[in-house]
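The values are calculated or read from the model by the stated rules, or taken from the named source; none is laboratory data. If you're wondering where the values come from, they're calculated on a predicted model, not measured in any experiment. We place every Cβ from the backbone using ideal geometry, glycine too, and count neighbours over all the protein chains shown. The area values use the complete protein model at the heavy-atom level, side chains included, leaving out ligands, DNA and RNA. Shrake-Rupley method; radii C 1.70, N 1.55, O 1.52, S 1.80 Å.
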Amino acid sequence: MDPPGQRLSLTLTPVRGPELQPFVADLARLRLKVFHDFPYLYAGSASYEERYLQTYLDAPGSLVVVACDGAEVVGASTALPLVQETTEIQAPFLAPEFDPGDVLYLGESVLLPEYRGRGLGHAFFDHREAHARDLGLGVTTFCAVQRPGNHPRRPAAYRPLNAFWAARGYTERPDLTTTLSWQDLDESRETPKPMRFWVRRA
């Protein structure tokens, strides 16, 4: 049997709206597994994740790129027009510099560790940037959680993806920030987490 990540049956499927329904349960489990690790440290639940993913079934212009190894879902990447996003995500783009109606928000990319380093990260961005062009949107953006360098759960070998994002043409914007709340693994309740945006113009 071929080792994980080496099989010839690895596929990427862009799905929109109701097409996502057959993948929801698997995506919820995948998100919990990936977001458990640093820098997210997310203590969530499958029921919450399934409710969250409902947004992508309902919102016009949504996209989820699903990576499968055979029948197994091993990764996914999301995108949503900014005008369909929450007020926390929209708020930094209400400044005169931006037109919120011209922005595609790139939600999250999740991928099992054994499939990383095989070009899927680039493929996720390729699909989502193409989706922005198809929608006629000139700006793509995402935000990343900010953790201190001395965080006790930071692995010694951890490397942020800043260089990868910069190579994709994204500019880190310390002036564009928001907070999102979730429960960390060592917390008893949700707390706000600082988020910083990266922006790319077509």
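Key figures
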item	result
Unique residue being part of a loop (DSSP other than H, G, I, E, B), of a type in the set (Lys, Arg) and surrounded by 17 or more Cβ atoms within 10 Å (Cβ to Cβ) when the list is Arg159, Arg147	Arg147
Leading residue by the ranking (farthest from the chain's Cα centre (by Cα)) among those in segment 162-193 that are of a type in the set (Lys, Arg) and surrounded by 11 or more Cβ atoms within 10 Å (Cβ to Cβ)	Arg173
Residues of segment 101-137 that turn out to be of a type in the set (Gly, Ala, Ser) and surrounded by fewer than 15 Cβ atoms within 10 Å (Cβ to Cβ), as a count	5
Subset of segment 80-100 [part of a helix (DSSP H, G or I) and open to solvent by 50 Å² or more (accessible area, probe 1.4 Å)]	Val83, Gln84, Thr87, Glu88, Ala91, Leu94
Residue within segment 64-79 that is closer than 25 Å to Ala202 by Cβ, in a helix (DSSP H, G or I) and open to solvent by less than 30 Å² (accessible area, probe 1.4 Å) present	no
Positions within segment 30-49 being open to solvent by 30 Å² or more (accessible area, probe 1.4 Å), at pLDDT 95 or above and in a helix (DSSP H, G or I), in sequence order	Leu32, Lys33
Test result for Leu27, farther than 30 Å from Asn162 by Cβ, among the aliphatic types (A, V, I, L, M) and at pLDDT 95 or above	no
Lone qualifier among Arg118, Arg153, Arg189 - being in a loop (DSSP other than H, G, I, E, B), touching a Lys or Arg at 6+ places or on another chain (Cβ under 9 Å), under 23 Å from Leu32 (Cα atoms) and not aromatic (Phe, Trp, Tyr)	Arg153
Failed condition for Arg196, given (1) more than 30 Å from Cys68 (Cβ to Cβ); (2) over 18 Å from the mean Cα position of the chain (by Cα); (3) modelled with pLDDT of 95 or more	(2)
Filter result for the condition that a residue is over 22 Å from Lys193 (Cβ atoms) and not charged (D, E, K, R), over Gly107, Gly101	Gly101
Scan of segment 143-202 for residues that are hydroxyl-bearing (Ser, Thr, Tyr), free of Cβ contacts under 8 Å to residues at least 60 places away in the same chain and in contact with a Phe, Trp or Tyr (Cβ under 7 Å, 6 or more places away or on another chain), ordered by number	Tyr170, Thr171
Residue in segment 104-112 that is of a type in the set (Val, Ile, Thr) and over 12 Å from the mean Cα position of the chain (by Cα) present	no
